[in-house]
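Peer 1: Pasting a structure here, questions to come.
The values are calculated or read from the model by the stated rules, or taken from the named source; none is laboratory data. Computed from a predicted model, the values in this text were never measured in an experiment. A quick note on method: Cβ atoms are made from the backbone with ideal geometry, for glycine too, and the neighbour counts reach across all protein chains shown. We work out accessible area using only protein heavy atoms, side chains counted, and drop any ligands, DNA or RNA first. Shrake-Rupley method; radii C 1.70, N 1.55, O 1.52, S 1.80 Å.
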Amino acid sequence: MPPTPPLGHRVARLYGALRCVTCHSPLRNADDALRCTACDARYPVVRGCPVLLTDTMRKTFAVHLESDDGRRMVGEYGAAASASTSVTKPSWTRWLKPPPVMYRYHPDLLKPPTSVLFDPVNGAPPLTLSVGGGPYRVGDHEITLNIGLFPNVDMVADAHDIPIADNTFDAVFSLAVLEHVADPYRVVSEMIRVLKPGGILYSEIPFIFFFHGYPTDYTRFTREGMKRLFRGLESPEVGMTHGPVSAILQSANMLMAMCLPARPRLIRKAFNGLFRCFAFPLKYLDLPLRTHPDAHILAGGFYVLGRKPSDA
Ligand SMILES: [Zn+2]
């Protein structure tokens, strides 16, 4: 029987694995909501998206999202959604956009539908969880979890307490999310818990990168810190997402913009564009640095790729 209330088609694949945030029991349909089969806690479903939060979580996230950084983030997410649904701009307009000053190693790890990582074994789309996903979607098979009803979010929940049964997903990933959570160790342990044994985890975290409140920003990890954070994976591979030159260029851009007046905003925006146009060729110096044994000490960020142990 199809789940009622109607869940979005992506999260409907999880019906049966959804769990109560309070007591971790299975959930059942109940009119316009989901209810816990044990403690009767009620979770609303809004436009197909289940909101699996306790009152405490709801209040904490509301405080973050109503801060200055939180309001800016919500505005950006809304703009990203309307840009993606607006009439397609002519392709030449992308040439007017200044190039990024950060050179990304391994761009194939991010290309939709991240087929390198998440290729299905038997043709069925892999059950993939994106922790902190939205407002963009990396691939169509991705089920996104975030703290609010933003565009392209399939379920609202707290990554510290993922309301999903153990051993559910073929793959779990998070892109520049773990620096924004209060307890990254707990979130990683939850990401591994919901992975099937042998399932793939991929995560990226910035290192030398400016403070960015989305809606908060708490932590950076060194290469050694990444190894420790993801030690629950079977022989995880840790590498740089961005090298030292990218990190310095991005920091220099931010520093120089900081020395300009904040208003009108156009001044900093124009400077940012000019800086990127002139400085971007330097980012290719990161190519020879890719194998330098000391490059990690100033890296822009790191990724980890590993599997949940089969005997877990
Ligand atoms: Zn319950």
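Peer 1: From the P(r) of the range 11-52, can you give the percent of Cα pairs sitting at distances over 12 Å?
Peer 2: Counting every Cα pair in the range 11-52, those more than 12 Å apart make up 52 percent.
Peer 1: Moving on to the next point. Can you work out the Karplus-derived ³J(HN,Hα) for every residue in the range 224-238? Use 6.51 cos²θ - 1.76 cosθ + 1.60 with θ = phi - 60°, whole Hz, and x for glycine or proline.
Peer 2: 5, x, 4, 4, 6, 4, 9, 5, x, 8, 7, 5, x, 9, 10
Peer 1: Helix 68-85 versus the longest principal axis of the chain: what is the Cα-based angle in degrees, 0 to 90, to the nearest 10?
Peer 2: 90
Peer 1: Residues of the chain: accessible area per residue at 1.4 Å, in Å²?
Peer 2: With all protein chains present, the chain gives 51 Å² per residue.
Peer 1: Give me the Debye-computed log₁₀ of I(q)/I(0) at q = 0.11, 0.12, 0.15, 0.22 Å⁻¹ for the range 122-261, equal point scatterers on Cα only, no solvent, two decimals.
Peer 2: -0.45, -0.53, -0.80, -1.45
Peer 1: Something else about it: The chain: longest stretch without exposed trypsin sites (Lys or Arg not before Pro) (DSSP loop, at most 14 other Cβ within 10 Å), sites themselves excluded?
Peer 2: Working: sites that count: Arg47, Arg231, Arg290.
With trypsin sites (Lys or Arg not before Pro) excluded where exposed in loops, the chain gives 48-230 as its longest stretch.
Peer 1: Using 22 Å as the Cα-Cα cut-off, could you pick out the over-long pairs in Lys59/Lys227; Lys227/Lys308; Lys97/Lys269?
Peer 2: Lys59/Lys227
Peer 1: Give the Kirkwood hydrodynamic radius (Å, one decimal) of the range 36-84, defined as one over the mean of 1/r across all pairs of different Cα atoms.
Peer 2: 12.9
Peer 1: Another one. Positive end of the charge dipole of the chain (Lys, Arg +1 and Asp, Glu -1 on Cβ, about the Cα centre): tell me which of Thr56, Ala17, Phe278 has its Cα farthest that way.
Peer 2: Phe278
Peer 1: Based on Cβ point charges of +1 for Lys and Arg and -1 for Asp and Glu, what charge dipole magnitude is obtained for the range 11-52 about its Cα centre, in debye rounded to the nearest 20?
Peer 2: 140
Peer 1: Roll a 1.4 angstrom probe over the protein heavy atoms and tell me the percent of accessible area of the chain that is carbon or sulfur.
Peer 2: Carbon and sulfur: 61 percent of the exposed surface of the chain.
Peer 1: How would you classify the range 202-296 from its alpha-carbon gyration tensor, with a ≥ b ≥ c the square roots of the eigenvalues: rounded for a/c under 1.5, else prolate if a/b is greater than b/c, otherwise oblate?
Peer 2: Verdict is oblate for the range 202-296.
Peer 1: Hey, any idea what the orientation-averaged projected area of the convex hull of the chain's Cα atoms comes to, in nm²? Please report the intermediate quantities before stating the final value.
Peer 2: Values: hull surface 72.5 nm².
Mean projected area for the chain: 18.1 nm², to one decimal.
Peer 1: Counting only the heavy atoms of the protein chains, how much of Cys277 is accessible to a 1.4 Å probe, in Å² to the nearest 10?
Peer 2: Probe radius 1.4 Å; accessible area of Cys277 about 70 Å².
Peer 1: Which residue, Val304, Leu255, Ile208, has the largest displacement toward the positive end of the dipole of the range 63-307 when charges sit on each Cβ (Lys, Arg +1; Asp, Glu -1)?
Peer 2: Value: Leu255.
Peer 1: Report, in deg cm²/dmol and to the nearest 500, the calculated mean residue ellipticity at 222 nm for the chain, where each DSSP H run with n ≥ 4 adds -39500 (n - 2.57) and the sum is divided by the residue count. Intermediate results must be reported in sequence, preceding the final value.
Peer 2: Values: 8 runs with 84 residues, N = 312.
Here the helix-only value at 222 nm equals -8000 deg cm²/dmol.
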